[in-house]
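Notes follow the structure.
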Amino acid sequence: MSPLQLALQFALLAFSLIGLSLLLWRGRTWDRAAAGVVLMALTLSYAIDNTGQDRFELGVILIDAAAFIALWLIAERAGRWWIVMTAGLHLVSTLVYVAPFLTSTSLAWAAMTLIWVLWLLTSLTFFFGVWEIEAARRFAFGGRHGSTLDDGGGSRPAPSME
């Protein structure tokens with residue numbers, strides 16, 4: 001791996017770990033469970049991935065497939081859109097591992113680049129998940145404790161769009 005690729009990989013890893021730590025800190029039970037699944041899959045993938053991009057990594061594929069199934073089961077119970085999006089992106093990135101079997105080496109590098117882009121999008125969903133958690137809290141307060149959310153409940157004029 002070139003120094004640029006290594007730096008990019010560590011930057012994506014740091015970005016992901018910041019998002020996951022925010023989810024573990026601010027999230028509820030299902031949010032923390034989903035963050036734990038992603039963190040476990042990330043740790044196990046790095047632990048067993050010791051080869052280049054030209055080899056078939058059955059262990060990494062099995063870890064990613066198990067993580068997808070766990071994320072999907074959590075998403076069905078949690079009702080959080082960020083978990084659904086994370087599970088979907090995880091499924092697509094898992095299916096990309098089949099690409100080297102379809103054609104030449106150049107597609108394998110394109111698939112690796114696609115996996116990194118999907119990981120960046122997955123990391124962004126972590127931050128949107130933190131936003132969703134905070135928005136759900138503000139909505140639950142319904143105007144109490146300094147919240148300015150106006151949900152339009154009750155018999156009065158429609159809420160303003162401020």
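The values are calculated or read from the model by the stated rules, or taken from the named source; none is laboratory data. Here the structure is a predicted model, which is why all the values come from computation and not from measurement. Backbone-built Cβ (ideal geometry, glycine too); neighbour counts: all protein chains shown.
Would you say Thr29 is loosely packed, with under 14 Cβ neighbours inside 10 Å, at pLDDT 90 or above and hydroxyl-bearing (Ser, Thr, Tyr)?
Considered against the rule, which asks whether it is loosely packed, with under 14 Cβ neighbours inside 10 Å, at pLDDT 90 or above and hydroxyl-bearing (Ser, Thr, Tyr), Thr29 comes out as yes.
Which members of the range 55-99 meet the condition of being among the aromatic types (Phe, Trp, Tyr) and more than 20 Å from Leu44 (Cα to Cα)?
Trp81, Trp82
Among the numbered criteria (1) within 20 Å of Leu12 (Cβ to Cβ); (2) of a type outside the set (Phe, Trp, Tyr); (3) surrounded by fewer than 19 Cβ atoms within 10 Å (Cβ to Cβ); (4) modelled with pLDDT under 90, which single criterion is violated by Leu118?
Tallying (1) within 20 Å of Leu12 (Cβ to Cβ); (2) of a type outside the set (Phe, Trp, Tyr); (3) surrounded by fewer than 19 Cβ atoms within 10 Å (Cβ to Cβ); (4) modelled with pLDDT under 90, Leu118 fails exactly one: (4).
Answer with yes or no whether Leu39 is surrounded by fewer than 14 Cβ atoms within 10 Å (Cβ to Cβ) and modelled with pLDDT of 85 or more.
Considered against the rule, which asks whether it is surrounded by fewer than 14 Cβ atoms within 10 Å (Cβ to Cβ) and modelled with pLDDT of 85 or more, Leu39 comes out as no.
Each row is one residue, and each column tells you yes or no for (1) of a type outside the set (Ser, Thr, Tyr); (2) modelled with pLDDT under 85; (3) under 19 Å from Gly27 (Cα atoms).
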site	(1), (2), (3)
Leu62	yes, no, no
Ala75	yes, no, yes
Ala99	yes, yes, no
Leu107	yes, yes, no
Phe126	yes, no, yes
Ala140	yes, yes, yes
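Taking the range 56-112, which residues are buried (at least 16 other Cβ atoms within 10 Å of the Cβ) and of a type in the set (Ser, Thr, Tyr)?
Passing the criteria: Thr86, Ser93, Thr94, Tyr97.
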